[in-house]
Amino acid sequence: SQQGEEDPQALSIQEGENATMNCSYKTSINNLQWYRQNSGRGLVHLILIRSNEREKHSGRLRVTLDTSKKSSSLLITASRAADTASYFCATDNTGNQFYFGTGTSLTVIP
Amino acid sequence: NAGVMQNPRHLVRRRGQEARLRCSPMKGHSHVYWYRQLPEEGLKFMVYLQKENIIDESGMPKERFSAEFPKEGPSILRIQQVVRGDSAAYFCASSGVINTEAFFGQGTRLTVV
């Protein structure tokens with residue numbers, strides 16, 4: 001299966017701390033995307049990183065991609081209670097479909 | 001520029017009825033993807049469509065499920081003779097061209113009673 005796998009499954013931190021989530025996948029990809037999903041809501045696109053990129057920033061988000069290890073990490077700096085959500089990585093190798101993992105559930109405690 | 005619009009947001013059906021889920025992609029997007037999310041699980045790919053064509057339906061159950069994306073109008077995911085196990089959130093995403101961001105709708109939560 002191509003499916004990305006996030007790690008850890010659940011993460012609980014204090015407000016202000018950094019949160020790091022990892023994603024591993026199995027085959028070569030064109031790009032990898034991170035999404036956030038608040039409870040009972042749709043997915044919000046956070047960031048896309050292409051296979052020829054190693055790092056990308058967007059506000060408090062930092063994404064890295066290591067194609068040799070087939071892994072990516074999402075770092076949220078200076079976390080806020082509003083960051084509480086599930087975070088999914090999605091990989092795309094054919095342009096036809098995105099494969100999602102089961103997500104990391106992040107809880108930021110005020 | 002409205003985002004991906006899905007309707008209805010919530011749908012309740014009795015076992016054996018039909019469920020029709022609609023997805024209007026973002027303006028200018030011609031690629032539509034449908035995903036299903038069971039409670040406490042990740043998203044599972046169902047089908048990928050372009051206008052008037054099914055490109056990849058490898059994630060679609062072989063029976064009772066069908067999808068279309070006509071030249072005019074929204075994409076439709078149709079589930080015939082629903083069963084309790086079809087209860088899930090169904091998400092639609094659209095993208096402009098291959099290898100670009102996919103934007104998701106808010107989902108349709110189907111409950112089969």
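The values are calculated or read from the model by the stated rules, or taken from the named source; none is laboratory data. Computed from a predicted model, the values in this text were never measured in an experiment. Don't worry about glycine lacking a Cβ; one is built from the backbone with ideal geometry, like all the others, and counts go over all protein chains shown.
Only residues that are assigned to a loop (DSSP other than H, G, I, E, B) and either touching a residue at least 40 places away in the same chain (Cβ under 8 Å) or within 14 Å of chain A (Cβ to nearest Cβ) (or both) were counted in the range B:16-64, giving 17.
Looking across A:92, A:83, one residue alone is of a type in the set (Asp, Glu) and within 23 Å of residue A:27 (Cα to Cα). It is A:92.
Screening B:57, B:101, B:52 for residues that are closer than 17 Å to residue A:90 by Cα and either in contact with a Gly (Cβ under 8 Å, 6 or more places away or on another chain) or modelled with pLDDT under 95 (or both) leaves exactly one candidate, B:101.
Checked against (1) free of Cβ contacts under 8 Å to residues at least 40 places away in the same chain; (2) in contact with a Ser or Thr (Cβ under 9 Å, 6 or more places away or on another chain); (3) outside any strand (DSSP E or B), residue B:67 meets all criteria but (3).
Say we look at the range B:78-113 and pick out the residues that are charged (D, E, K, R) and either more than 7 Å from chain A (Cβ to nearest Cβ) or within 10 Å of the chain's Cα centre (by Cα) (or both); which of these is surrounded by the fewest Cβ atoms within 10 Å (Cβ to Cβ)? Among them, the one singled out is B:84. Does residue A:57 satisfy the condition of being without any contact (Cβ under 8 Å) to a residue 40 or more places away in the chain and over 21 Å from residue B:45 (Cβ atoms)? In short, yes.
In the set (1) crowded, with 21+ Cβ neighbours inside 10 Å; (2) within 14 Å of chain B (Cβ to nearest Cβ), residue A:72 fails one condition alone, (2). Residue A:43: surrounded by 13 or more Cβ atoms within 10 Å (Cβ to Cβ) and out of contact with any Asp or Glu (no Cβ under 9 Å at 6 or more places or on another chain), yes or no? Judged against the criteria, residue A:43 is a match.
Of all residues in the range A:21-57, those satisfying the criterion of being in a strand (DSSP E or B), polar (S, T, N, Q) and farther than 22 Å from residue B:91 by Cβ are A:22, A:24.
For the range A:50-65, residues that are surrounded by fewer than 19 Cβ atoms within 10 Å (Cβ to Cβ) and more than 13 Å from chain B (Cβ to nearest Cβ) total 8. Scanning the range A:3-20 for residues that are at pLDDT 90 or above, in a loop (DSSP other than H, G, I, E, B) and small (Gly, Ala, Ser) yields one hit, A:16. Restricting attention to the range A:27-49, the residues that are facing chain B (nearest Cβ under 10 Å) and touching a Leu at 6+ places or on another chain (Cβ under 8 Å) total 8. For the range B:72-113, how many residues are within 16 Å of residue B:28 (Cβ to Cβ), hydroxyl-bearing (Ser, Thr, Tyr) and touching a residue at least 60 places away in the same chain (Cβ under 8 Å)? Within the range B:72-113, residues that are within 16 Å of residue B:28 (Cβ to Cβ), hydroxyl-bearing (Ser, Thr, Tyr) and touching a residue at least 60 places away in the same chain (Cβ under 8 Å) number 2.
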